[in-house]
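The values are calculated or read from the model by the stated rules, or taken from the named source; none is laboratory data. These figures come from a predicted structure and were not determined experimentally. For accessibility, only protein heavy atoms count, side chains too; no ligands or nucleic acids. Shrake-Rupley method; radii C 1.70, N 1.55, O 1.52, S 1.80 Å.
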Amino acid sequence: MRIGEPHSVNDIRTAIRELTARAELARKEGRPDDAAEIEQRIQGYREELSARP
């Protein structure tokens, strides 16, 4: 998914799931900075999802 393009609700939910798994892996591997960056992206998708009717 590209930033700035409209996304379907299913695309957003899929992205959140995949990024959550990547953030967990980054934390397990001792990469807290990477995990924090991924969490910021997840938050952006959650905000986009919450703005939907």
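Just one of the numbered conditions (1) at pLDDT below 95; (2) of a type outside the set (Phe, Trp, Tyr); (3) not in a helix (DSSP H, G or I) is not true of Gly30: (1). Note on segment 4-53: among residues that are of a type in the set (A, V, I, L, M) and open to solvent by 70 Å² or more (accessible area, probe 1.4 Å), the one that is farthest from the chain's Cα centre (by Cα) is Ala51.
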